[in-house]
1. With a Förster radius of 35 Å, plug the Cβ-Cβ distance of residue 493 and residue 309 into 1/(1 + (r/R0)^6) and report the FRET value to the nearest 0.05.
2. What does the extension gain come out to for residue 502 and residue 25, with contour length at 0.36 nm per residue minus their alpha carbon separation?
3. About the Cα centre of segment 153-260, how large is the charge dipole given +1 on each Lys and Arg Cβ and -1 on each Asp and Glu Cβ? Please answer in debye to the nearest 20.
4. Would you mind telling me the share, in percent, of accessible area of the chain contributed by carbon and sulfur at probe 1.4 angstrom?
5. What distance in nm separates the simple spin-label points at residue 82 and residue 300, each placed 7 Å from Cα in the Cβ direction?
6. With the other protein chains left in place, how much accessible area per residue, in square angstrom, belongs to the chain at a 1.4 angstrom probe?
7. How many angstrom separate the Cα center of segment 99-167 from the Cα center of segment 48-72?
8. Take the cross-link list 344/403; 113/403; 171/344; 344/519; 403/519 and give me the ones stretching past 20 Å between alpha-carbons.
Amino acid sequence: MKKISILFCIGLAFSISTLAQTDGTLDSTFNGTGILMSDNGFHDIYNDVRIQDDQKIVASGVSLNSSYVGRVIVDRWMTDGSPDTTFGVNGRATHYIGNDSYGYDSYILNNGKILVAGCAYGHLGGFAAMILRLNSDGSIDTSFGSQGATLVDISTSDDFASAMAVQPDGKILISGTYTDTLFHNVPMVMRFSEEGEIDTSFGVNGRAEIPVTGTDNELTSISVMQDGRIIAAGHYETAFTFFDVLLIRFHPDGTLDSTFGTNGFVIQSLTSGIEDCFGMELADNGKIVITGFTTLPDYSFDLLVMQFDSTGVLDNGFGTGGAITFNNGTNDVGLDVYIQNDHKILICGTSGGDWANDRDFLLMRYTQNGIPDSTFGTNGIVYTQMNGSFDEANAMTLQADGKIVLAGKANDPVGGNLDFALARYQNGFSTRVPEIITEKSLPVFPNGVHRNATVRIPFSAAGSGTIQWISPEGKCVAGSEWTSATGGKSSLEIPVPSELNAGVYFIRCVNSRASYTGKVIVQ
């Protein structure tokens, strides 16, 4: 799945016991079996999954009819696996954007509205990059874009938004590809206002890209760094039908960051064959983890994980020379990556036979050095057969209690159709802030307080440190840093971020000597 690094967030990890079950075990409290499949008529695919603050599961993707015409689907499920009947129609929101539309990525805003990025048949004869915004009940938010959607026809051919990120200021980033006049697919990033208008201050007229020489290039993932720089990942064609992993880093204004790779981008091979990237995640230490596949001489696929340092160089301390490959069947592919707050790395995807034969949901966990985590599944690996045919886990997220949710597709071996598929797994890890904070506790004044106001904490401002705003679920939702050359102040004055919803938060103050936490109510 594609995620955002918020400013100066430091993860909180707390060990818990999960009914003495092994990490990676299917959670039978979800739909009775840990597995949920849903048939919408023909071919149905989840491409992304997110967790709301109330822990409801939002899964999005596409549903194709028998004529292979797509419409965007967003489903919302209760924590027990039952449909949330307050959303859409019996838990399902179906939206036709243009004559043919697909959802590839999503994001849940602080106000509960849902963004979906993908593509829809545009006005110039091909697909256009698309952003759609839904209200919290699944209906189209007509105040966004043009009657709820923004379509960008960059070319007269096909243009796609494969991934999405939202900056702390609310601006929306998409990454994907457009087709140039030579019919080359050009990897690109675009930025939009909160209301879906192209931000012409970014790149050139709202778009940033790199030059290409081949036809097959794409950006499938995007993230925002703590300092506002933007990293996108995908693949780049280096020879006819051969491509390698691509990483690009931009400054916040959309110009290439020349301190990264070569002139702002990295083209990384592992073999003389093909390497591709489908998922990317940024670690707290600035390192970049990607997953995808690498090809063998017989053109079967091995799952690939690579870790790069903050300059775009492969990290020799990870795996073997910065890379891990995994070979179980003919086709082993990593499709999403998630880094837990304890720095362990989760990979999901598919493993098994070729595209028409039996493959299973694949879930793996590695240590931060790229070693299989033997406490997870069987030697770090979990295979889940969804429906006896070819199954793919396209996206992944974690609940506040640490349970892992995978979303993708399962093939019906009888009817031959694809069904929406979810699976949930036990995980002895919690993202929640415990009821009793183990760090030193500090009072916050005033308490409660309105957004954009200022609170004071009696914490010495000498030196430097960071401020983190943490939700009750343990998610760092905003942050900043402070410095003081002279010190001597008896308290810190901290602005309340405007993007916070009303509710309870923990303010965590960290410097080189100690960590202190205060509890505050935002009204």
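1. The computed FRET efficiency comes out at 0.45.
2. Values: separation 477, 0.36 × 477 = 171.72 nm, distance 3.58 nm.
Taking residue 502 through residue 25 to full extension adds about 168.1 nm, to one decimal.
3. Details: 5 positive and 17 negative charges, 54 e Å.
Computed about the Cα centre, the dipole is about 260 debye.
4. Percent of accessible area from carbon and sulfur atoms in the chain: 51.
5. With each label placed 7 Å out from Cα toward Cβ, I get 4.5 nm.
6. Result: 39 Å² of accessible area for each residue.
7. 13
8. Violating the 20 Å limit, Cα to Cα: 113/403; 171/344; 344/519; 403/519.
The values are calculated or read from the model by the stated rules, or taken from the named source; none is laboratory data. What you see is a predicted model, and the numbers here were worked out from it, not measured in a lab. Please note: Cβ atoms are built from the backbone with ideal geometry, for glycine as well, and neighbour counts cover all protein chains shown. With ligands, DNA and RNA removed, areas are computed over all heavy atoms of the protein, side chains included. Shrake-Rupley method; radii C 1.70, N 1.55, O 1.52, S 1.80 Å.
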